[in-house]
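The values are calculated or read from the model by the stated rules, or taken from the named source; none is laboratory data. The structure displayed is predicted, hence computed values, not measured ones. Backbone-built Cβ (ideal geometry, glycine too); neighbour counts: all protein chains shown. These area figures cover heavy atoms from the full protein model, side chains too; ligands, DNA and RNA do not enter into them. Shrake-Rupley method; radii C 1.70, N 1.55, O 1.52, S 1.80 Å.
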Amino acid sequence: MKGHVSRRGKTWAFWFDIDPDPLTGKRRQQTRSGFKSEKQAWKECRTAIAEYERGHPVTASRRKVAPALDEWLNRIEHSIKPSMAQNWRNYAAYYVIPYIGQRDVQEIDGTVCDALYAKLLAEGRVKARPKKRPTTRAVHTRRLGPGGKTLPCRPYSYDTVRCFHTHVEDDPAIGQPIMPKKLGQRAAEDAAESARRKLNPGLEPKTVVNTHRMLHRAWEDFTTWGWAKRNVVSDAHPPRVPRKGRKIWTVAQLQTFLQRARSDRFFALWVLEATSGMRRCELAGARRDLLDLDAGTLTIEVTRVVVDGRVIESDGKTENAQHILALDPFTLAVLKAHVEQLDQERRDFGLDYHDHGVLFCWQDGRPPHPDTITRRFKKLAAAAGLPEIDLHDVRHSYATAGRDAKIDWKALSHRIGHSDVAFTMKQYVQTDLEADRRVATTLAELIIGGSLASTARGEEDDGHHLGETA
């Protein structure tokens, strides 16, 4: 490979041919100018050629972080999950570009990243955008079934207003807006929750670590593409994520919850969660056509996840996320009754039914937002007087119950959709208090035993007699 040097005004420049454009085949050159002497230009030319031939070419440029991240995300988007792509776009837009977006890529180093992480931990939280109010209001309607039978009104606008009345033909309420009685209650609950939590202005360490991982991947590609000399993000120090204790329910508490949820529309969903440990995204994405009542199985394929408030379909969290789930007789019976209810609602709504193919839906076929499932779970748990846990903690409760029942680790790992058995064992081989007490007693008797144990018992008896004498 041969380079060239020439004078450009008062300074010198070099250039050399590189591989043609991979898509068009057109000729490409790498060039750089601004050198004070011909000798300096030749020196830098030889260095640039050597780096290019080693596969690490770096083009001197004033490329900014913001457009670099945008181009990077556009180029790699097809190679990652849609949910991850959207999350990384959010990290870039909310936590990176506002702070270092206008700096040159080649200016960034580990010190800059550390300063960014400190800023995010202190005041990086982005306020949620205000929710849009619905543009239309639900009104009372008179609905007729296929045979002319009058049906309940039910013009749902989830979950703020609803009407279960059967309107007569001359009912003056027909066409009138339905008063959103639950809207004020939900607003009050949200306000109370916000006041209770008192969120600090800084980001959680886990979010900052996720941002660090995104930047690390970006600079890895920047280095490959010649935008940076090396992955300087490796020099940064992301925050430590503190370990959090896992909250779980006992088997008795799970039973209490299911008893309280018997009258809930999504009772079948709660039973399936309690008897399978499915993730929320799997429950929200469960397909009716993948439920085989004859074989007693449910195939898990599509999941529905929430990214930036929007619901996105995905193919699961791990390689083992897509699998066939065997159903116990009780869960199968509950799901069978649930499907019969769906069929009746489809007949009632007729052409107004919105068939999205999901197993758990509202009365008109529309799927609930996954966050709505979480809110509904919280309300039912509170009404049952149970300790507050997250919906995902029911999954942990299920896995812990499996561990206590001495279920085979491989079978349990496959059932809950983990990537491998080692991960399941690492998560759930946690010695409980009773098991720890048995270990303590057994080893203490082995170590102390004999005369020392007799001496300890004798001293205890002496102390007891002295107490009686006093």
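Expressed as a whole percentage, what fraction of the accessible surface of the range 341-382 belongs to carbon and sulfur atoms when a 1.4 Å probe is rolled over the protein heavy atoms?
51
If Tyr94, Tyr99, Tyr117 are ordered by their accessible area, calculated over protein heavy atoms with a 1.4 Å probe, which sequence runs from highest to lowest?
Putting Tyr94, Tyr99, Tyr117 in descending order of accessible area: Tyr99, Tyr94, Tyr117.
Run the quick spin-label model on Arg262 and His354: label points 7 Å from Cα toward the beta carbon, then report their separation in nm to one decimal.
3.3
For the range 236-328, what does the convex hull of the Cα positions come to per residue, in cubic angstrom?
Spelled out: Cα convex hull of the range 236-328, divided by residues, is 168 Å³.
Quick check: pseudo-label points 7 Å beyond the Cα along Cα→Cβ at Leu293 and Asp315, how many nm apart are they?
Here the modelled spin labels are 3.1 nm apart.
Please report, largest first and rounded to whole Å, the three semi-axes of the ellipsoid equivalent to the range 289-369, where each semi-axis is the square root of five times an eigenvalue of the C-alpha gyration tensor.
23, 21, 9
Rank Cys281, Cys153 by accessible area, highest first, at a 1.4 Å probe radius?
Result of the area sort, largest leading: Cys281, Cys153.
Enter the Cα centre distance for the pair the range 321-400 and the range 288-306, rounded to the nearest angstrom.
12
So what is Rg over Rh here for the range 218-285, counting just Cα atoms and using Kirkwood for Rh?
Rounded to two decimals, Rg/Rh equals 1.37.
Along each of its three principal axes, how wide is the spread of alpha-carbon positions in the range 357-425, in whole angstrom units, largest first?
41, 34, 16
With the other protein chains left in place, how much accessible area per residue, in square angstrom, belongs to the range 228-329 at a 1.4 angstrom probe?
53
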